[in-house]
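The values are calculated or read from the model by the stated rules, or taken from the named source; none is laboratory data. Predicted model only: the values in this text are computed from it and were never measured. As a convention, Cβ positions derive from the backbone with ideal geometry for all residues, glycine included, and neighbour counts pool all protein chains shown.
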Amino acid sequence: MQKEIKMSTEIEKRVGNLLNSSNGTSSVETGSSRSSETEALQSKPVEIGRGASLLEIDTASEGLNMELKQKQEKMRETDNVKAMLEFREKLPAFKLKSEFLKAVAANQVLVVSGETGCGKTTQLPQFILENEISSLRGASCSIICTQPRRISAISVAARISSERGEKLGETVGYQIRLESKRSAQTRLLFCTTGVLLRQLVQDPDLTGITHLLVDEIHERGMNEDFLLIILHDLLPRRPDLRLILMSATINADLFSKYFGNAPTIHIPGFTFPVKEFYLENVLEKTRYNIQSEFENFRGNSRRGRRQQESRKDPLTELFEDADIDALFKGYSTSTRRSLEAWSGSQLDLGLVESTVEYICRHEGSGAILVFLTGWDDISKLHDKLKVNNFLGDTNKFLVLPLHGSMPTINQREIFDRPPPNVRKIVLATNIAESSITIDDVVYVVDCGKAKETSYDALNKLACLLPSWISKASAHQRRGRAGRVQPGVCYRLYPKMIHDAMPQYQLPEMLRTPLQELCLHIKSLQLGAISMFLAKALQPPDPLSVENAIELLKTIGALDDREELTPLGRHLCTLPLDPNIGKMLLMGSIFQCLNPALTIAAALAHRDPFVLPLNRKEEADAAKRSFAGDSCSDHIALLKAFEGWKDAKRNRKDRTFCWENFLSPVTMQMMEDMRNQFLDLLSGIGFVDKSQGPKAYNQYSDDLEMVCAILCAGLYPNVVQCKRRGKRTAFYTKEVGKVDIHPASVNAGVHLFPLPYMVYSEKVKTSSIYIRDSTNISDYALLMFGGNLIPSKSGDGIEMLGGYLHFSASKTVLDLIRKLRGELDKLLSRKIEEPGLDITVEGKGVVAAVVELLHSQDVHYR
DNA sequence: GAGCACTGC
């Protein structure tokens, strides 16, 4: 589609005059649009600073060694610590203390496997600390233990401090993003894996660290897998460093092999037994009658179903091909009929409800935890339980939804024991599998599925689809029932399906886009990206790696030789997705600092808008009112934050959040992250804090400019809006037609003032959705999008590898090319020399760009 | 005509 750009002669004249008025830029080559970012940013590396290491160690002094030892021994005599010790001695880990310490002394790498409740996380790091201190090495030891989640870093550090009879932050501390409790005396530090990875940029050899424990590696998170590759390379350079890998029992051998058959210690678990039932047993107990969704089709319902649904997962197919009558001979007719009708691809909420009802009627007291896949299931089951009210008295039940985006997420009710005779029923997603632990759960109902991300490298598409969980996850879910007493787990899928489940989930590195990881690899100077990633425990698909590198080149972070450009080096210092980092930098450069900080914080963290169960329409309206007529989810986020800041000044922030369906915790996190970004921008010279906020916000209230900055950052995430009669259809280069996500402020809007959208997230679920979007103009794209390529016919401009075409009169084209050329020159100078004041140096160019952006609405309506 | 797994710097 050729897009014609009509510019009024008046605008043409005004923009031209402004451009020509700019300092010393009269000798512009008009055809030089290719000399933009990527090329111009290649020279002059930016120094990546070296700072202090995570634990600052005093030079080991004998006096301090003795002092630490005496203090430890003195504390052991206190009643408090004695009582703690009594408890600790009952943990399975305690019996292996000396074996563990011997193994640590004798081996550089040790793998410890242990089930939940064995005490490995709280005891093993503590054993090392105690041993070092009593061996008079307390002053020089420096133990780090990484955790995948912030909460566990804090809670484990707090637990160990109290077991030692100390205050948190003395010898035991923690450090997570934007929050730490540690001191000069801290010898054992719990941090998130992400914090350690950032620290590695400044201290690649982990100088001074004596012991490193990496916990929960069986989860196969991206950070943990990444860290293991780095450590694999680091160990030969640091023969004195001790590495202890901690994993659940399941796949300890894999890690041992990766580190040259490192010795393995196993610690038995310490939880109560949990009985398990599968679908066939549950049906026998509940007598629930599963109705086939294809009951209306002629003949065999299963065959009818198979004809209806073309592509199914192999597990579901496996069961549908099974001979039910032969396999389940001993079972009742009604169970067999239900098994015939059961569909593995669709959750039967009636079955879930009936199982919950069965537990309430026939089992003893104790909370029920139901694992479901998402918001929809939780909402529907919640309504069903409330409406059907199967046990008459609603006061006897406390039904609580537990979903990361629901406003109830921070309520204490979830953890509190309900009053006697009241049964707590928690309807949860995967969040209750490892992030949130509810102690009093005795019954688990597991639907066997979870929404899982995957990455389609061919279409460069992230997917979020419900799929069967792994045996490891099923085991973990079951274990949630046995924390305080023996429990029961009701699995709402046949045993046959369970037996066919994959042993483990695919590692995150194989399920996610890799651009942020690739940038991190470059910043740590770990060599060629694909060579480095090939060394992983399970290396990602080369095509995924290629896609990530290509994207980094497109946005100008890497050059043709895959080396960091000056822009790329700046992006390395920002803990953000490269596109969002670029948006932030561009915002600070073009005088939109406050909006850029806010939008970057909102996109990097979770969505501050909560999704309440019953007041969806109101929540939707609140979001739309923030967006006004901007046609932008990003502007809605910005306005919501600004409103919150105002409310906070008047101490009305709680009410403001409640009325506008915002999460107070997320808003606070956004504010803290903004401050961190501001510090980092100041560190690399883009912001001079002594200048005050006004110095960087000249265009912060200029909507066109803010949207242009979004375009600069989010490119090449561009959507074409095409009019189809009274509606608009949306297309991307990679996957063709897409839909606006129904939660977007742009959903249901039929006509847009401007011809393009930029977005930060595109996810395939039931359809391919653009989750957040901002409507932008041709001029925003021409000034801040990708490089301008002359079209083959010579009378236009192309972008996005020829996907977008623009045509205009020769004078207009020349003006656009000239202006863009000047803008790119200014930008590269600024990026090489962040202190440069573009309001002085590039006054004319910037003014001309602003003029052009403001004229955008004259040509599309 | 429709929908929002979960972490982390």
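Listed here are the residues, each with its yes/no results for (1) touching a Cys at 6+ places or on another chain (Cβ under 9 Å); (2) within 16 Å of DNA strand B (Cβ to nearest atom).
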residue	(1), (2)
A:Leu369	no, yes
A:Thr373	yes, yes
A:Asp377	yes, yes
A:Lys386	no, no
A:Asn430	no, yes
A:Val442	no, no
A:Val445	yes, no
A:Lys449	no, yes
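For every residue, the table says whether it meets (1) part of a helix (DSSP H, G or I); (2) near DNA strand B (Cβ under 10 Å from one of its atoms); (3) touching a residue at least 12 places away in the same chain (Cβ under 8 Å); (4) under 23 Å from A:Pro513 (Cα atoms).
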| position | (1), (2), (3), (4) |
| --- | --- |
| A:Gly568 | yes, no, yes, yes |
| A:Leu576 | no, yes, yes, yes |
| A:Thr598 | yes, no, yes, no |
| A:Ala601 | yes, no, yes, yes |
| A:Asp607 | no, yes, yes, yes |
| A:Leu611 | no, yes, yes, no |
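For the range A:199-250, filtering for residues that are under 18 Å from A:Met531 (Cβ atoms) and of a type in the set (Asp, Glu) leaves 2. Do we find that A:Ala695 is within 16 Å of DNA strand B (Cβ to nearest atom) and either of a type in the set (Gly, Ala, Ser) or assigned by TED's automatic domain parsing to the domain that holds A:His403 (or both) in this structure? So A:Ala695 does not fit the description; no. The single condition among (1) in a loop (DSSP other than H, G, I, E, B); (2) over 24 Å from A:Asn223 (Cα atoms); (3) touching a residue at least 12 places away in the same chain (Cβ under 8 Å); (4) not acidic (Asp, Glu) that A:Asn594 does not meet is (1). Residues in the range A:363-406 that are modelled with pLDDT under 90 and over 21 Å from A:Leu349 (Cα atoms): A:Asp393, A:Asn395, A:Lys396.
A:Asp541 - would you say it is over 27 Å from A:Met670 (Cα atoms) and in contact with a Lys or Arg (Cβ under 9 Å, 6 or more places away or on another chain)? No: the conditions fail for A:Asp541. A:Leu782 passes every criterion in (1) closer than 20 Å to A:Ser630 by Cβ; (2) more than 12 Å from DNA strand B (Cβ to nearest atom); (3) surrounded by 18 or more Cβ atoms within 10 Å (Cβ to Cβ) apart from (1). Reported count of residues in the range A:684-697, each being more than 14 Å from A:Asp837 (Cβ to Cβ), in a helix (DSSP H, G or I) and either at pLDDT 95 or above or of a type in the set (Lys, Arg) (or both), is 1. Could you tell me which residue of the range A:118-147 is farthest from DNA strand B (Cβ to nearest atom), considering only residues that are surrounded by fewer than 20 Cβ atoms within 10 Å (Cβ to Cβ) and hydrophobic (A, V, I, L, M, F, W, C)? Result: A:Leu136. Within the range A:395-402, the presence of a residue that is surrounded by fewer than 17 Cβ atoms within 10 Å (Cβ to Cβ), of a type in the set (A, V, I, L, M, F, W, C) and more than 16 Å from DNA strand B (Cβ to nearest atom) is excluded. Within the range A:718-741, being in a strand (DSSP E or B), within 16 Å of DNA strand B (Cβ to nearest atom) and either touching a Lys or Arg at 6+ places or on another chain (Cβ under 9 Å) or within 20 Å of A:Asp620 (Cα to Cα) (or both) holds for A:Val719, A:Thr728, A:Ala729, A:Phe730, A:Tyr731, A:Thr732, A:Val738, A:Asp739, A:Ile740. Tell me, which residue of the range A:148-175 that is aliphatic (A, V, I, L, M) and surrounded by fewer than 20 Cβ atoms within 10 Å (Cβ to Cβ) is farthest from A:Asp225 (Cα to Cα)? Ranking the qualifying residues of the range A:148-175, first place goes to A:Leu168.
For the range A:77-107, a tally of residues being exposed (fewer than 15 other Cβ atoms within 10 Å of the Cβ) and under 26 Å from A:Ala184 (Cβ atoms) returns 3. Scan the range A:700-717 and tell me whether some residue there is surrounded by fewer than 19 Cβ atoms within 10 Å (Cβ to Cβ), more than 14 Å from DNA strand B (Cβ to nearest atom) and without any contact (Cβ under 8 Å) to a residue 40 or more places away in the chain. So far as the range A:700-717 goes, yes, one or more of its residues are surrounded by fewer than 19 Cβ atoms within 10 Å (Cβ to Cβ), more than 14 Å from DNA strand B (Cβ to nearest atom) and without any contact (Cβ under 8 Å) to a residue 40 or more places away in the chain. Whenever a residue of the range A:670-699 is over 16 Å from A:Glu642 (Cβ atoms), it has no partner that is among the aromatic types (Phe, Trp, Tyr) and surrounded by fewer than 20 Cβ atoms within 10 Å (Cβ to Cβ) lying with C-beta atoms less than 8 angstrom away and at least six residues away or across chains. Could you check the range A:755-774 and list, in sequence order, the residues that are closer than 15 Å to A:Tyr731 by Cβ, away from DNA strand B (no atom under 16 Å from the Cβ) and in a strand (DSSP E or B)? Hits for the range A:755-774 are A:Tyr756, A:Val758.
Determine if the range A:643-659 includes at least one residue that is within 16 Å of DNA strand B (Cβ to nearest atom) and part of a helix (DSSP H, G or I). No, because not a single residue in the range A:643-659 is within 16 Å of DNA strand B (Cβ to nearest atom) and part of a helix (DSSP H, G or I).
Residue by residue, here is whether (1) in contact (Cβ under 8 Å) with a residue 24 or more places away in the chain; (2) out of contact with any Phe, Trp or Tyr (no Cβ under 6 Å at 6 or more places or on another chain) holds:
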{"residue": "A:Tyr731", "(1), (2)": "no, yes"}
{"residue": "A:His741", "(1), (2)": "yes, no"}
{"residue": "A:Val745", "(1), (2)": "yes, yes"}
{"residue": "A:Val749", "(1), (2)": "yes, yes"}
{"residue": "A:Arg771", "(1), (2)": "yes, yes"}
{"residue": "A:Ile776", "(1), (2)": "yes, no"}
{"residue": "A:Tyr779", "(1), (2)": "yes, yes"}
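With the condition kept exactly as written, say whether any residue in the range A:698-712 is of a type in the set (Asp, Glu) and at pLDDT below 95.
no
Residue count for the range A:742-754 satisfying the condition of being within 16 Å of DNA strand B (Cβ to nearest atom) and surrounded by fewer than 21 Cβ atoms within 10 Å (Cβ to Cβ): 8.
Results for (1) farther than 30 Å from A:Phe226 by Cα; (2) assigned to a strand (DSSP E or B); (3) in the same structural domain as A:Glu320 (by TED's automatic domain parsing), shown as yes or no for each residue.
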residue	(1), (2), (3)
A:Ile436	no, no, yes
A:Val442	yes, yes, yes
A:Glu452	no, yes, yes
A:Cys463	no, yes, yes
A:Ser473	no, no, yes
A:Gly482	yes, no, yes
A:Gln485	yes, no, yes
A:Asp499	yes, no, yes
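For the range A:430-456, the tally of residues that are surrounded by fewer than 18 Cβ atoms within 10 Å (Cβ to Cβ) and among the small types (Gly, Ala, Ser) stands at 3. Restricting attention to the range A:451-484, the residues that are within 16 Å of DNA strand B (Cβ to nearest atom) and of a type outside the set (A, V, I, L, M, F, W, C) add up to 13.
Among the candidates A:Asp672, A:Asp701, A:Asp679, single out the residue that is more than 23 Å from A:Ile635 (Cβ to Cβ) and either part of a loop (DSSP other than H, G, I, E, B) or not assigned by TED's automatic domain parsing to the domain that holds A:Ile176 (or both).
None of the others qualify; the one that does is A:Asp679.
The numbered conditions (1) among the charged types (D, E, K, R); (2) touching a residue at least 60 places away in the same chain (Cβ under 8 Å); (3) over 19 Å from A:Glu89 (Cα atoms) are all true for A:Glu163 except (3).
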